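The structure under discussion appears below in the form of structure tokens.
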Amino acid sequence: MQPLLTLDDLVVAASGRRLVDGVGLHVDAGERVALVGPSGAGKSLTVGAVLGRLGAAYDATARLRLGDRALDVARPTGRDGLAAVHQASAVALNPVVAVGTQLALVVRRRRRCGRAEARRSAVALLRAVDLDDAERLRRRCPGELSGGQRQRVCLALALASRPRLLIADEPTTALDTVTRRRTADTLDRLCAQHGTALLLVTHDVQVARDLCTRAVRLEAGRVVGEDAW
Ligand SMILES: Nc1ncnc2c1ncn2[C@@H]1O[C@H](COP(=O)(O)OP(=O)(O)O)[C@@H](O)[C@H]1O
Ligand SMILES: [Mg+2]
């Protein structure tokens, strides 16, 4: 069976420096893989290339496939089935639009359904990410939520498109310890429930062990080892 995601020989350079040098990894359908390594190892550049979102400051080349589709690491197109959450993904939320409305928009785009159904789905998604009082919360703008609540909204947004693979770059790093634990649990449960594959960037070995079945270790832009447990 071919992997869901295959990345081979990723090279990323900027200002004449090679920042990522020959990185390869794969994720099977429904599999959960951690990408671990110290700060500056090249983890975010690697997922940025997978998402095609590095931008013009970088020169990136690789062989990248999503299923049987070849993708360009320099462009974000062709990523249907792929969704992402980031450490600071809350900045991607529109600050002046209620979170329920933002979610309903994604649902409508995806399912081409009516407003009422989209609103119901939005509330269901907020509940699914363990946000209490979703009915009241959906009317609030991002600034009226806590950091943990905002990150859950981002998770709900990412999952609204029913991705086959979720890429999460340090999704819990900006949160306090208790919130971090609970958000990781939610991520764990949702991926299990929907059979969503996960590529989880983290420097928290415990989170990697709890959520994933193997890890790819990066250091100074190269893969230095793999662990399975
Ligand atoms: N535009 C750039 N110019 C020079 N160096 C960069 C640039 N962008 C990122 N880097 C460097 O590339 C390395 C890898 O970055 P990153 O992938 O963000 O690391 P992390 O593993 O912490 O996510 C870091 O040392 C970072 O400083
Ligand atoms: Mg990073």
Expressed to two decimals, the chain has a Cα Rg over Rh, using the Kirkwood radius, of 0.97
For the chain, the accessible surface attributable to carbon and sulfur atoms (probe 1.4 angstrom, ligands and nucleic acids excluded) amounts in percent to 48 percent
Using alpha-carbon coordinates alone, the radius of gyration and Dmax of region 93-161 in Å work out to 10.6, 31
Descending packing, highest mean Cβ count within 10 Å first, for 115-123, 3-11 is 3-11, 115-123
Note to self, the chain gives a 222 nm [θ] from helices alone (DSSP H runs n ≥ 4, -39500 (n - 2.57) apiece, / all residues, nearest 500) of -10500 deg cm²/dmol
Honestly region 161-229 on the Cα gyration tensor test (a ≥ b ≥ c root eigenvalues; a/c under 1.5 rounded, otherwise a/b vs b/c for prolate or oblate) is just oblate
With all protein chains present and a 1.4 Å probe, the order of Val107, Val223 from largest accessible area down is Val223, Val107
Relative contact order in percent for the chain (Cα pairs under 8 Å, 6+ apart) equals 29 percent
Residues other than Arg111 with Cβ under 11 Å of its Cβ, Lys/Arg counted +1 and Asp/Glu -1, net out at +4
From the Cα centre of region 1-77 to that of region 171-229, the distance in Å is 17 Å
Surrounding charge for Leu200, neighbours by C-beta under 12 angstrom, Lys/Arg +1, Asp/Glu -1, total -2
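Output the relative contact order of region 93-161, whole-number percent, from Cα pairs under 8 angstrom with separation of 6+ residues.
On the way: 82 pairs, mean separation 29.8, N = 69.
Relative contact order comes out at 43 percent.
The values are calculated or read from the model by the stated rules, or taken from the named source; none is laboratory data. Please read these numbers as outputs of a predicted model, since none were measured by experiment. In this analysis, Cβ positions are derived from the backbone assuming ideal geometry, glycine residues included, and neighbour counts consider all displayed protein chains. To get the accessible areas, we keep the full protein, side chains included, count just its heavy atoms, and leave off ligands, DNA and RNA. Shrake-Rupley method; radii C 1.70, N 1.55, O 1.52, S 1.80 Å.
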